[in-house]
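First up is the structure itself, then whatever we jot down about it.
The values are calculated or read from the model by the stated rules, or taken from the named source; none is laboratory data. Remember, predicted model here, so these are calculated numbers, not experimental data. Cβ: placed from backbone, ideal geometry, glycine included. Neighbour counts: every protein chain shown. When the accessible area is computed, the model is the full protein with side chains, heavy atoms only, and any ligands, DNA or RNA have been set aside. Shrake-Rupley method; radii C 1.70, N 1.55, O 1.52, S 1.80 Å.
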Amino acid sequence: MKWLLTVPADTDLGGLAARLSTVGVTLLDVAPVPLGDDEVVVQGEGPADLAARVADLGLPVRVNPGSEFDLGF
């Protein structure tokens with residue numbers, strides 16, 4: 001399942017990837033998208049219960065389901 005992970009802008013993404021890998025998440029090789037000055041969104045793939053798994057890690061990460069865009073053409 002694809003996920004959007006919102007993290008503080010100063011997060012070490014390599015360290016984040018290592019911590020998230022312990023709960024079955026792989027960060028995708030896509031540039032982070034800034035959300036203002038304080039946060040970025042990174043994309044990942046992981047299990048359906050990812051929000052609960054990340055909460056157990058105590059990381060400052062908000063987890064939202066990702067989706068594929070369909071322009072309907």
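The table below lists the values:
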| quantity | calculated |
| --- | --- |
| Accessible area expressed per residue, the chain, with surrounding protein chains retained (probe 1.4 Å, Å²) | 66 |
| Only Lys, Arg (+1) and Asp, Glu (-1) charged, at Cβ; the stretch 2-65 dipole about Cα centre in debye | 240 |
| Surrounding net charge for Ala9, when Lys and Arg each add one and Asp and Glu each subtract one, Cβ distance under 9 Å | -4 |
| Karplus-derived HN-Hα couplings along the stretch 54-66 (A = 6.51, B = -1.76, C = 1.60, θ = phi - 60°), whole Hz, x at Gly and Pro | 5, 4, 5, 7, x, 8, x, 10, 9, 10, 9, x, x |
| Cα shape, the chain, gyration tensor, a/c 1.5 rule | oblate |
| Within the accessible area of the chain (1.4 Å probe), percent carbon and sulfur | 56 |
| Summed residue charge, Cβ within 11 Å of Leu50's Cβ, Lys/Arg positive, Asp/Glu negative | -1 |
